[in-house]
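Just below is one structure, and these are the notes that go with it.
The values are calculated or read from the model by the stated rules, or taken from the named source; none is laboratory data. Please read all numbers here as calculations on a predicted model, not as lab measurements. Neighbour counts run over all protein chains shown; Cβ positions are idealised from the backbone, glycine included.
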Amino acid sequence: MRSTAGSRLFLAGYACCVLASLYLLAWSVLPPLLIDSLPLDVTESLTWGREWQWGYYKHPPLAPWVLHVFHMLLGKTGPFLLSQLCIALTLWLVWRTALRVMDRERAFLAAALTMAVAYYTRPALEFNHNIAQMPLWAALGYSLLAALQDGRRRDWLLWGLCAGLGMLTKYSVAILLAVQGLYLLFARRQVFSQPGPYLAALVGLAVFAPHLYWLWQTDWLPMAYASARAEATTAHPRWAALGFLGTQVLNHLPLAVIALLALSGARRAGAAQWRWHCRWPGYVLTLALGSGVLVTLLGVVTGARLRGMWGVPMWAFSAMLLMALWPQSWLAPARPRLLRGLALWLVSVSVLSGLALAYGAQWRQRPARTDWPQAALAQNAQRTWQKLSHCPLDVVAGDDWLSGLVAATRASGPSVLIGGDARLSPWVTPERLRTRGGLWLWQTGDDPSGHAALMDRLPADGSWHGGQWQLRWPHDGEPWTLHWRAYVPAACAR
């Protein structure tokens with residue numbers, strides 16, 4: 001009997017691996033074929049990553065660096081493959097973590113059903129710092145558990161490394177570190193008499209130190225951005241913070257529906273005993289719920305504005321909590337329903353996402369960010385510049401979104417001067433503009449005067465040129481007017 005059950009589990013695991021590989025391939029290859037421009041967050045991160053700075057005015061540097069490498073190697077497919085690899089690595093780490101606290105069947109279901117959390121499907125098409133955090137949050141959960149269970153120094157060092165890399169990805173990783181710290185303080189206080197936690201802290205600080213130095217040099221520039229994003233915008237901001245919690249609940253609806261339908265069928269197997277079916281239940285509960293609860297409480301207490309997408313990496317262990325509580329007598333009869341429900345969800349969301357990418361502009365009667373004519377825009381920029389200059393196009397400025405589209409078309413594209421502010425894009429120095437020139441872009445109705453002071457400081461021996469481009473939207477063919485102005489140094493002029 002046990003051999004038969006093991007064989008079934010093996011076959012189920014093998015089938016899921018095959019389907020998961022096809023799913024990963026589809027979500028990596030098809031989206032680039034269905035869109036006309038890269039998503040906003042991808043475009044922005046690509047303009048940062050190519051500059052190889054130790055920090056950027058919004059975020060730490062690790063996610064833009066990795067994204068730039070994938071874009072350089074795989075072109076337009078790179079960002080989408082990177083997102084799916086982040087999800088795949090997250091699921092593997094959830095499985096490894098679950099194996100330490102429950103049997104293999106429950107661990108397998110815990111990893112598979114994580115995909116029923118909506119954040120792991122449609123939102124993952126746009127690689128950003130939230131998606132990049134997913135495997136690091138899961139790695140932090142696994143490595144601390146391994147360190148506590150096995151007591152090996154290398155596991156504590158791994159936890160510290162994951163903490164440092166996480167903080168190099170996005171500062172919100174500090175939420176999980178705080179939750180884990182509270183767990184150690186109240187449930188595993190004895191570990192503080194051992195060297196492990198202190199070694200982990202040293203490794204984490206060593207990894208994070210270069211960025212910390214960059215923060216100090218730039219007068220803590222990203223903190224101003226984070227503060228502005230967190231400013232309250234309602235009359236009752238503390239109660240509005242509960243909206244964050246509501247968004248997290250909505251993203252768990254697919255998992256909840258699949259579980260309830262499976263439970264309705266499994267109940268025919270008889271009475272069930274609701275209790276913990278795992279080891280270390282306190283740690284499982286901490287990983288699954290601690291970060292979301294802590295963020296919500298902080299929002300209620302401080303009145304800070306909480307954005308729903310900040311919850312993206314917080315729920316890697318939701319399905320593991322579900323499996324830890326699932327009655328043993330109902331597990332076998334529920335397994336087929338759980339897997340069929342998951343398959344139906346993934347097929348449905350894949351088809352709907354593909355249709356939205358392909359036909360969303362026509363349905364909405366307006367373009368999304370992925371519907372802009374990126375290729376035509378970049379071609380016009382390069383063609384115009386080559387008529388005026390024999391030097392390569394080196395800097396694009398003006399409208400940040402338009403500049404990013406031009407720059408992100410190729411991995412070796414021009415640099416972007418963000419907002420005309422040297423603090424935001426220190427890689428574009430006055431000397432670089434004087435010797436290599438630049439191209440400014442803006443749309444009708446926009447005000448380019450924010451760059452006027454910078455333009456006025458450029459040498460008079462260079463030449464200025466300006467004009468308009470008429471482009472067409474990919475889906476409706478309507479004309480679109482863009483304005484451009486180019487400064488060509490005398491040494492580059494044709």
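Among the residues of the stretch 385-434, those identified as more than 15 Å from L454 (Cα to Cα), part of a loop (DSSP other than H, G, I, E, B) and among the hydroxyl-bearing types (S, T, Y) are T409, S412. If you filter the stretch 353-384 down to residues that are among the polar types (S, T, N, Q) and either outside any loop (DSSP other than H, G, I, E, B) or touching a Gly at 6+ places or on another chain (Cβ under 6 Å) (or both), you find that the one that is surrounded by the most Cβ atoms within 10 Å (Cβ to Cβ) is Q374. Restricting attention to the stretch 322-333 and to residues that are closer than 16 Å to A111 by Cα and buried (at least 19 other Cβ atoms within 10 Å of the Cβ), the residue that is farthest from the chain's Cα centre (by Cα) turns out to be L331. Screening P474, P426, P448 for residues that are farther than 29 Å from Y56 by Cα and either among the hydrophobic types (A, V, I, L, M, F, W, C) or outside the structural domain of M72 (by TED's automatic domain parsing) (or both) leaves exactly one candidate, P474. Looking at E431, E478, just one residue is at pLDDT 90 or above and over 30 Å from L73 (Cβ atoms), and that residue is E431. Residues in the stretch 435-491 that are aliphatic (A, V, I, L, M) and in a loop (DSSP other than H, G, I, E, B): L458, A460, A490, A491.
Picking from residues in the stretch 365-407 that are touching a helix residue (DSSP H, G or I) at 6+ places or on another chain (Cβ under 8 Å) and of a type in the set (G, A, S), the one that is farthest from L433 (Cα to Cα) is A368.
Those helices (runs of 4 or more DSSP H) of the stretch 151-259 in which at least 1 residues are more than 26 Å from A324 (Cβ to Cβ) and touching a residue at least 24 places away in the same chain (Cβ under 8 Å), considering only elements entirely within it, cover 153-169, 196-217, 221-229, 237-240, 242-251. With respect to the conditions (1) touching a residue at least 12 places away in the same chain (Cβ under 8 Å); (2) under 36 Å from the mean Cα position of the chain (by Cα); (3) closer than 25 Å to E51 by Cβ; (4) surrounded by fewer than 18 Cβ atoms within 10 Å (Cβ to Cβ), R457 lacks only one, and its number is (2).
Annotation note: Cβ proximity below 6 Å between a residue of the stretch 475-490 that is over 12 Å from T384 (Cα atoms) and a residue that is acidic (D, E) and loosely packed, with under 11 Cβ neighbours inside 10 Å (sequence gap 6+ or interchain) occurs for A490/D461. Figure legend. Inter-residue proximity from the stretch 115-126: first residues farther than 13 Å from Y23 by Cα and assigned by TED's automatic domain parsing to the domain that holds G341, second residues buried (at least 20 other Cβ atoms within 10 Å of the Cβ) and among the aromatic types (F, W, Y), beta-carbon distance below 6 Å, spacing 6+ or different chains. Indicated pairs: V117/W315. Tallying residues that are of a type outside the set (V, I, T) and buried (at least 19 other Cβ atoms within 10 Å of the Cβ) within the stretch 484-494 yields 5. So, in the stretch 37-55, how many residues would count as being of a type outside the set (S, T, N, Q), in a helix (DSSP H, G or I) and in contact (Cβ under 8 Å) with a residue 60 or more places away in the chain? So the answer is 5.
Within the stretch 458-494, can you find the residues that are out of contact with any helix residue (DSSP H, G or I) (no Cβ under 7 Å at 6 or more places or on another chain) and of a type in the set (D, E, K, R)? Listed by number, the residues that qualify are D461, R472, D476, E478, R485.
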